[in-house]
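Q: Dumping the structure here so I can ask a few things about it.
The values are calculated or read from the model by the stated rules, or taken from the named source; none is laboratory data. Everything numeric in this text was worked out from a predicted model, so none of it was measured. Glycine also receives a Cβ, built like all others from the backbone with ideal geometry; neighbour counts cover every protein chain displayed. For accessibility, only protein heavy atoms count, side chains too; no ligands or nucleic acids. Shrake-Rupley method; radii C 1.70, N 1.55, O 1.52, S 1.80 Å.
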Amino acid sequence: MQIDEIEKQCNEWATENLGADFKFRKHQLESCIIIISNVLNNCKTQVMNAPTGSGKSITAMICAGVLNKYYDKKSYILVSDLSLYEQYVADFVRYGLKWGHLKGKDNYTCACTGSSVNTGMCSVNMIPMSKLCNDEEAKSIGYRCVSHCQFIQDRKRAISSPVTLMTYQLYLIQRNYVADMMGEEIFPERDFVICDEAHKLNDIVQQQYAPKIPHTLPTFIKSLEEYATKNKISTVPNIEAVMSDIAAETIIAEKPSDIVKQMQKYEKVLSVYVDLNEKIRKKTKATQSFSANKKYLNSGNLAREAHCKFDDMSKLIEKLGEKVLVKTSNENETIINCTYEGDLVKNYFHDKSGCELMMSATMGNFDVYKTMSGLTDAKKEDYQTINIPSTFDFSKSPIYYSTINQMSYSQKNASLPKIIKQIEEICEKHKDEKGIIQTGNYENVQQLKAKLPVNILKRMIFYTSSKEKDFAIEMYLKSTNKILCGPTLLEGLNFDGDKCRFAICMKLPYASLADNLVKAKKELYKDWYSADVVAKLEQGIGRLVRYNGDYGVMYILDGCIANVIKWNSALLSNTTRSRLVKYS
């Protein structure tokens, strides 16, 4: 009876809110019924693999809407980045849904100072948000600006709305830092949390809680030192030498106990600049010198954010022990991560959330995901999986794969010339079409620049940074037969229709074993390393066919795919396996 009732409610809600012409996609209504039923039966975690074209965002909105209207349950919808956030906001507007949505303060501009809200007058003056969100109270203390402050208005709506959209990053801050450290539950636990692009959650949690020790004096400390000198305030004597010593000791530290010692030293340094930040805020408040102190206020915020990460890691060490630590050093900084990633995600996400729906087009192997996300202790009734099959016609979209030229470290020098020759032939074959080359790294980009013939290079669009990438994509989309080439073309790109008719995977996206975190996770979690490369490969394949009737040819030239097919074919999706064709 419950299933029939939920089906009726889904149809009613969709008609009322999405329009009389709305039609459920194949498997969509059934998915909504299962998800809602599981929430009503208090299933803690649902993991859904929903391929491109299955309508994940609409499914999320229908589930949240039905649960609120018929069962008085409140939800959060979480997204991994601002581009997806804006897509949801556009859908809210399109369908007239008066739901809340909120970004971090740095994404809003203070109308009074022209800086981010994070360093606006109300933030510097430490005015409680409870007062700013009350129009009458705000006016009584001189903040008439709140009536047209986008941040305040978005925040008020987000708090009161039964369904609220935000990024994972903001959710983690609200459910952990604000709730636990500041003793306020502005955004308390809700009945349901819908997680879009959930395959990114682990990396986001790692980034959010990984403290970093810079190898040179960071710009924000230089800025704060400048302020301290001008105002004759004592800070850390010989700060450059102190930081140099901490960085040097951190780089050579091997034992977790030695890493902890350097963490504590740097945390102590940061605490001095956090105190200085409070002095700057107080003086700015007293003198109303917002413009003059804008740089120092921003620097102080960075010091506070850095300090919070060390404080969080210290608490995690107290809970799990020093064994969880692993460090990775690059030329600029040493990053300190928690190897027990499942515990990290459980501690900061699952334990702070109500019922959850984790959904993605490339969720990967459910068992591996369960382990990596800290769900191994979940009871059968508390953990459900949903696998939606693709409804696309892939008859014109084969995935050609080669097994002869491996791009492993030991064989890449011998393989590269042959693979570059294959790339030349493929580009000639698709001379009137646009395509992308997923190079795996910037080193391979340089090899292509040096060895491809001029007629092919004329079609290539390269980039060397995220800023250049945005411009490169813009140029590519305006072209007729250009080829976009780079190492970061695996996800987040919607190249539907003629925007991309072929894609080349030059090197399989294996995580680098030179990274200590990768190495530690490979040893700690069985099957993670293989599942990770398959999930990334599936993401790359997914750039091509974006709707039913769309088509595109994929070429996997790295011969290491033979090992994946031989030993880990079960990790590949059924759709991908069915499209594989041997390429020679």
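Q: Say whether the condition of being in a helix (DSSP H, G or I), of a type in the set (S, T, N, Q) and touching a residue at least 12 places away in the same chain (Cβ under 8 Å) is met by at least one residue in region 514-521.
A: Scanning region 514-521 turns up at least one residue that is in a helix (DSSP H, G or I), of a type in the set (S, T, N, Q) and touching a residue at least 12 places away in the same chain (Cβ under 8 Å).
Q: Cβ-Cβ under 6 Å, sequence separation 6+ or interchain: first residue in region 8-22 and farther than 12 Å from residue 32 by Cβ, partner assigned to a helix (DSSP H, G or I) and open to solvent by 30 Å² or more (accessible area, probe 1.4 Å). Which pairs?
A: As it stands, the answer is none, since no pair meets every condition given.
Results for (1) crowded, with 16+ Cβ neighbours inside 10 Å; (2) part of a helix (DSSP H, G or I); (3) not polar (S, T, N, Q), shown as yes or no for each residue.
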| residue | (1), (2), (3) |
| --- | --- |
| 396 | no, no, yes |
| 405 | yes, no, no |
| 416 | yes, yes, yes |
| 426 | yes, yes, yes |
| 432 | no, no, yes |
| 473 | yes, yes, yes |
| 485 | yes, no, yes |
| 491 | yes, no, yes |
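Q: Within region 360-383, can you find the residues that are closer than 30 Å to residue 582 by Cβ and either open to solvent by 70 Å² or more (accessible area, probe 1.4 Å) or part of a loop (DSSP other than H, G, I, E, B) (or both)?
A: Result: 361, 362, 363, 364, 365, 367.
Q: Further question on the same structure: Filter region 122-147 for residues that are crowded, with 20+ Cβ neighbours inside 10 Å and part of a helix (DSSP H, G or I) and give the result. Give the derivation first.
A: Kept after step one, since they are crowded, with 20+ Cβ neighbours inside 10 Å, are these residues of region 122-147: 122-124, 132, 138, 143, 146.
122, 123, 124, 132, 138, 146, listed by residue number.
Q: So, in region 354-390, exactly how many residues are within 30 Å of residue 547 (Cβ to Cβ) and not small (Gly, Ala, Ser)?
A: So the count comes out to 16.
Q: Condition first: assigned to a loop (DSSP other than H, G, I, E, B), open to solvent by 30 Å² or more (accessible area, probe 1.4 Å) and under 24 Å from residue 203 (Cβ atoms). Now tell me which residues in region 94-120 satisfy that.
A: Let us first name the residues in region 94-120 that are assigned to a loop (DSSP other than H, G, I, E, B), namely 95-99, 103-104, 108, 110-115, 120.
With open to solvent by 30 Å² or more (accessible area, probe 1.4 Å) added as a condition, the list becomes 95-96, 98, 103, 111-114.
Passing the criteria: only 103.
Q: Of all the residues that make up region 52-66, how many are in contact with a strand residue (DSSP E or B) (Cβ under 9 Å, 6 or more places away or on another chain), farther than 16 Å from residue 195 by Cα and crowded, with 19+ Cβ neighbours inside 10 Å?
A: 0
Q: How many residues are over 22 Å from residue 405 (Cβ atoms) and among the aliphatic types (A, V, I, L, M) when one looks only at region 545-579?
A: Final tally of qualifying residues: 3.
Here is a yes/no grid of residues against (1) crowded, with 21+ Cβ neighbours inside 10 Å; (2) closer than 30 Å to residue 192 by Cβ:
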position	(1), (2)
282	no, no
287	no, no
301	no, no
304	no, no
322	no, no
331	no, no
351	no, yes
358	yes, yes
385	no, yes
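Q: Across region 541-584, what is the total count of residues that are at pLDDT 95 or above and not in a helix (DSSP H, G or I)?
A: Number of matching residues: 13.
Q: Would it be correct to say that residue 60 is among the aliphatic types (A, V, I, L, M), without any contact (Cβ under 8 Å) to a residue 60 or more places away in the chain and either closer than 24 Å to residue 175 by Cβ or assigned to a helix (DSSP H, G or I) (or both)?
A: Values: among the aliphatic types (A, V, I, L, M): yes; without any contact (Cβ under 8 Å) to a residue 60 or more places away in the chain: no; either closer than 24 Å to residue 175 by Cβ or assigned to a helix (DSSP H, G or I) (or both): yes.
Spelling it out, it is not the case that residue 60 is among the aliphatic types (A, V, I, L, M), without any contact (Cβ under 8 Å) to a residue 60 or more places away in the chain and either closer than 24 Å to residue 175 by Cβ or assigned to a helix (DSSP H, G or I) (or both).
Q: Just to be sure I understand the filter: pairs with C-beta atoms under 8 Å, separated by 6 or more residues or on different chains, first member in region 567-579 and among the charged types (D, E, K, R), second member surrounded by 12 or more Cβ atoms within 10 Å (Cβ to Cβ). Which pairs pass?
A: Filtered contacts from region 567-579: 577/569; 579/394; 579/397; 579/398; 579/399; 579/554.
Q: Please find, within region 148-162, the residue that is nearest to the chain's Cα centre (by Cα) out of those that are more than 27 Å from residue 69 (Cα to Cα) and open to solvent by 70 Å² or more (accessible area, probe 1.4 Å).
A: Across region 148-162, the extreme among qualifying residues is 150.
Q: Let me ask something else about it. Take the residues of region 82-93 that are in contact with a helix residue (DSSP H, G or I) (Cβ under 9 Å, 6 or more places away or on another chain) and open to solvent by 50 Å² or more (accessible area, probe 1.4 Å): which is modelled with the lowest pLDDT?
A: 82
Q: While we're here: Of the residues in region 232-260, how many are touching a helix residue (DSSP H, G or I) at 6+ places or on another chain (Cβ under 8 Å) and either open to solvent by less than 100 Å² (accessible area, probe 1.4 Å) or closer than 19 Å to residue 318 by Cβ (or both)? It would help to see each step written out before you state the result.
A: So the first thing to find is which residues in region 232-260 are touching a helix residue (DSSP H, G or I) at 6+ places or on another chain (Cβ under 8 Å), and the list is 233-236, 239, 242-243, 246, 249-250, 253, 256-260.
Next, only the ones that are either open to solvent by less than 100 Å² (accessible area, probe 1.4 Å) or closer than 19 Å to residue 318 by Cβ (or both) stay: 233, 235-236, 239, 242-243, 246, 249-250, 253, 256-260.
Total satisfying the criteria: 15.
Q: Something else now. Name the single residue that is least open to solvent (accessible area, probe 1.4 Å) among those in region 72-81 being charged (D, E, K, R) and at pLDDT 95 or above.
A: Here the residue is 73.
Q: Evaluate region 227-248: report whether one residue or more is closer than 24 Å to residue 105 by Cβ and either touching a Pro at 6+ places or on another chain (Cβ under 6 Å) or touching a residue at least 40 places away in the same chain (Cβ under 8 Å) (or both).
A: Residues of region 227-248 that are closer than 24 Å to residue 105 by Cβ, as a first pass: 227.
Going one step further and asking which of them are either touching a Pro at 6+ places or on another chain (Cβ under 6 Å) or touching a residue at least 40 places away in the same chain (Cβ under 8 Å) (or both), we end up with 227.
The answer is yes, given that some residue of region 227-248 is closer than 24 Å to residue 105 by Cβ and either touching a Pro at 6+ places or on another chain (Cβ under 6 Å) or touching a residue at least 40 places away in the same chain (Cβ under 8 Å) (or both).
Q: Give the residue that is farthest from residue 245 (Cα to Cα), with candidates limited to residues of region 346-387 that are at pLDDT 95 or above and hydrophobic (A, V, I, L, M, F, W, C).
A: Per the criteria, the residue is 386.
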